[in-house]
Amino acid sequence: MPQINNYPTKGTPTVSDLLLIADVASNNATKSVSLGNAMVGAAISSGTPSGETDTGVAGELQYDATYLYICISTNLWRRITLPAW
């Protein structure tokens, strides 16, 4: 079995880099997923979509001082006004 410490380290991963996963829904079959797709549901990034049809993946979240933006479908965004304290 390969050991993780035998592989070279990549300094700055990109969203198109691939990760190996065990897909629980497919009886733990080994599959690959892009780092970008893996991180979409795991983080909220600071930023503002340019409009409701800006590039995005369902589940992606962004925010600014006024709104929380949620991508509800491929390239389809909605926003929620953040209340003041």
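The values are calculated or read from the model by the stated rules, or taken from the named source; none is laboratory data. Treat the numbers as computed from the prediction; the structure is a model and nothing was measured. Cβ placement follows ideal geometry from the backbone for every residue including glycine, while neighbour counts extend to all protein chains displayed.
Report the residue count in segment 8-22 for those that are within 12 Å of residue 38 (Cβ to Cβ) and part of a strand (DSSP E or B).
Of the residues in that region, 4 qualify.
Has segment 50-67 got any residue that is out of contact with any Lys or Arg (no Cβ under 6 Å at 6 or more places or on another chain), under 30 Å from residue 79 (Cβ atoms) and at pLDDT below 85?
Yes, the conditions are met somewhere in segment 50-67.
For residue 18, are the conditions met, namely being under 15 Å from the mean Cα position of the chain (by Cα) and modelled with pLDDT of 85 or more?
yes
Pairs under 7 Å by beta carbon, first residue surrounded by 13 or more Cβ atoms within 10 Å (Cβ to Cβ) in segment 10-24, partner among the charged types (D, E, K, R), six or more apart or different chains?
Close Cβ pairs (under 7 Å, with a partner that is among the charged types (D, E, K, R)) amount to 21/31.
Report, by residue number, each residue of segment 46-74 that is polar (S, T, N, Q) and either over 18 Å from residue 36 (Cβ atoms) or surrounded by fewer than 15 Cβ atoms within 10 Å (Cβ to Cβ) (or both).
If the condition is that a residue be polar (S, T, N, Q) and either over 18 Å from residue 36 (Cβ atoms) or surrounded by fewer than 15 Cβ atoms within 10 Å (Cβ to Cβ) (or both), then 46, 48, 50, 53, 55, 66, 73, 74 are the ones that fit.
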